[in-house]
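Asker: Quick one: this structure, given as structure tokens, is what I'll be asking you about.
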Amino acid sequence: MLGAVTPPATPPAPLPRRIAHLDMDAFFASVELLRYPQLKGLPVVIGGGRRREDDVLARLREAYPERDWSDGDLSRIPVDFFPRLSGYTGRGVITTATYPARQFGVGSAMGLMKAAKLCPQAILLPVDFDEVRRISRLFKSTILEIAPVMEDRGVDEVYIDFTDVPGGQREGGRVLARLIQKSIFQATGITCSIGVAPNKLIAKMASEFNKPNGISIVWPEDLEDKIWPLPCRKVNGVGPKADEKLQGYGIHTIGELAAREPGWLIEHFGKSYGHWLHEVSWGRDQRPVVTESEPVSMSRETTFERDLHAVRDRAELGAVFTRLCEQVAGDLNAKGYAGKTIGIKLRYDNFQSVTRDVTIETHTADAATIRRQAGLCLKRVDLSRRIRLLGVRVGKLVKPGTEGEEASGYSESHSTRPPKDKATDEHTDLLFPELD
Ligand code: DCP
Ligand code: MG
């Protein structure tokens, strides 16, 4: 017999990557249902402006002056008392809709007037950004107590690396996903959906498979069955333009994309995008879950109920402009940032957009300074046309105290309507009356 042999020390094999994507269900609408639980199960759409006070309560006090309605009474407001979509006129669009409303075919980015035709009985409520932010922070901190590697992807979604978290490998991540879902519901009262997959790319698609309040587990071997039948547009990174071009070549699904030679894709879509299309169609994505990202800019913008004119609507426009500057300053101060580049964005009645910006000597988070610089930017654009949208942005951000390092990450913006068109920068450089 040979003596006992000590096996050579080999490091344990790394666990297979399990990445989760979590997305809150009908987020802005769900936040409203916390305040008004009597609306659960009903079609509710969010859109048409920002909450200033509690509008419903104010109307209630007017209608029933003899009763003493207080904030605690919100959940007792009769359903009949809420504003309906029926008869809506204006240009608002839907920010989001509850699942019962979606059954009528209404959803994100649809005009409220069109939605009113499809579902006139839907209840229309404004967004409460403060509450949305509060719940957003709450659900993210709930996750961090359970799984420390989390990437913030915006107000209602995150990636979480399950790989090394206890329970993160059990049933492919289902056990941990269930725990997180339950904990978020206990903390916030809102449901979410989670996809767990070998990487971010597939996890992002998977979180949509079982919405609302669902969990989907995707294994590498599910590529053919679960991913290839999906339209190319489901890939995060294939936008409407790329999709149109793919369709032009008869490529409608991810499977059809995977069937193309990488060389062909590179020839038609360029080296980098073509190669990327090939990789994603085969479900490959090595991007890590990045735990910290810093905003590069903060902005606020608003679309007017009616197009405004710089001279004729000077007072109104001036007030909105000042307010936007104050809001951006508020956002900066709330998060402890200051910025050096101050810019404006305008969209004219013909949907053409222009942007202008200026970089100043020292970083600022001061509303009056932002207002002054943004006002100078405004002098550099054509103000003879009617204006549909106005926005203010502060960029080149730093966190005072964390010396010099400029942030390199995402842009944080708040819009009272979904953004989308890309700004075009024309240099008209005309001098027009100052707005004040
Ligand atoms: N949102 C917005 N403008 C958009 C899209 C979304 O202001 N163009 C807001 C409203 C949503 C929230 O962001 O409530 C989250 O966006 P989602 O796309 O995740 O949509 P929901 O959470 O509302 O619905 P779902 O259940 O499909 O995730
Ligand atoms: Mg969501």
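Rule-based calculations on the coordinates, nothing more; no lab input. The structure displayed is predicted, hence computed values, not measured ones. For neighbour counting, all protein chains shown are included, and Cβ atoms are generated from backbone atoms with ideal geometry for every residue, glycine included.
Asker: What's the longest bit of the chain with no exposed GluC sites (Glu not before Pro), using DSSP loop states and at most 14 other Cβ atoms within 10 Å as the test?
Answerer: Result, exposed sites excluded: 67-291.
Asker: Can you tell me which lysines have their Cα less than 21 Å from the Cα of K335? Leave out same-chain residues fewer than eight positions away.
Answerer: In chain and number order, the partners are K140, K396, K399.
Asker: Also, I was wondering about something else. Return the distance in nm (one decimal) between the two label points of a simple spin-label model at E62 and A334, each offset 7 Å from Cα along Cα→Cβ.
Answerer: 2.8
Asker: Oh, and also: Find which of Y348, A329, S384 sits farthest along the positive direction of the dipole of the range 299-392, computed with +1 on the beta-carbon of Lys and Arg, -1 on that of Asp and Glu, about the Cα centre.
Answerer: Positive-end residue among those listed: S384.
Asker: Under a crude label model (7 Å from the Cα following the beta-carbon direction), how far is E224 from Q186 in nanometres?
Answerer: 4.2
Asker: Could the peptides 188-199, 335-346 be put in order, highest first, of the mean number of other beta-carbon atoms found within 10 Å of their residues?
Answerer: 188-199, 335-346
Asker: Using 0.36 nm per residue of separation minus the Cα-Cα distance, give me the extension gain between S272 and R386 in nm, one decimal. Don't skip to the end; give the middle numbers.
Answerer: Numbers: separation 114, 0.36 × 114 = 41.04 nm, distance 4.10 nm.
Gain on stretching S272 to R386: 36.9 nm.
Asker: Quick one: length gained pulling Q103 to Q38 fully straight, 0.36 nm per residue minus the C-alpha distance?
Answerer: Result for the pair: 21.5 nm of gain on full extension.
Asker: Give, rounded to the nearest 20 debye, the magnitude of the charge dipole that the range 201-264 has about its Cα centre when Lys and Arg contribute +1 at Cβ and Asp and Glu contribute -1 at Cβ. List each step's numbers first, then the result.
Answerer: Numbers: 8 positive and 9 negative charges, 66 e Å.
Using Cβ point charges on Lys, Arg, Asp and Glu, the range 201-264 gives about 320 debye.
Asker: In Å, what Kirkwood hydrodynamic radius results for the range 27-127 from the alpha-carbon pair distances? All intermediate terms of the calculation are to be shown ahead of the outcome.
Answerer: Details: mean 1/r = 0.0729 Å⁻¹.
This gives a value of 13.7 Å.
Asker: Taking each full run of DSSP H in the chain as one helix, which ones are at least 20 Å long along their axis (Cα atoms) and have mean Kyte-Doolittle hydropathy of at least -1.0?
Answerer: On the way: long enough: 129-146 (26 Å, 0.04); 174-188 (21 Å, 0.39); 314-335 (32 Å, 0.02).
Long hydrophobic helices here: 129-146, 174-188, 314-335.
Asker: In nm, to one decimal, how far is the modelled label at F351 from the one at N210, with both set 7 Å along Cα→Cβ?
Answerer: For the pair F351/N210, the computed spacing is 4.0 nm.
Asker: Report the FRET efficiency, 1/(1 + (r/R0)^6), for L179 and H309, where r is their Cβ-Cβ distance and R0 is 35 Å, rounded to 0.05. Let's see the in-between values first.
Answerer: Numbers: r = 56 Å, r/R0 = 1.60.
Efficiency, from the Cβ-Cβ distance: 0.05.
Asker: Dipole magnitude of the range 27-127 about its Cα centre, charges +1 at Lys/Arg Cβ and -1 at Asp/Glu Cβ only, in debye to the nearest 20?
Answerer: It works out to roughly 500 debye.
Asker: Based on the Kirkwood radius over alpha-carbon pairs, what value in µm²/s does the Stokes-Einstein equation return for the translational diffusion coefficient of the chain at 25 °C and 0.890 mPa s?
Answerer: 100
Asker: For K399 and V358 in one chain, what is 0.36 nm times their gap in residues minus the Cα-Cα distance, to one decimal in nm?
Answerer: The K399-V358 span can extend by a further 12.8 nm.
Asker: Same structure, new question: Report the charge-dipole magnitude of the chain in Debye, nearest 20, computed about the Cα centre from +1 at each Lys and Arg Cβ and -1 at each Asp and Glu Cβ.
Answerer: So the dipole magnitude of the chain works out to roughly 720 debye.
Asker: I've got another one for you. Below 8 Å between Cα atoms, with a sequence gap of 6+, how large is the relative contact order for the chain in percent?
Answerer: Working: 828 pairs, mean separation 64.2, N = 436.
Reported as a whole number, the value is 15 percent.
Asker: Which one, I77, A20, I360, is farthest towards the positive end of the dipole of the chain when Lys and Arg carry +1 and Asp and Glu -1 on their Cβ?
Answerer: Most positive-ward Cα: I77.
Asker: Given the DSSP H assignment, sum -39500 (n - 2.57) over each helix run of at least 4 residues in the chain and divide by its residue total; what's the result at 222 nm in deg cm²/dmol, nearest 500?
Answerer: Rounded to the nearest 500, it is -9500 deg cm²/dmol.
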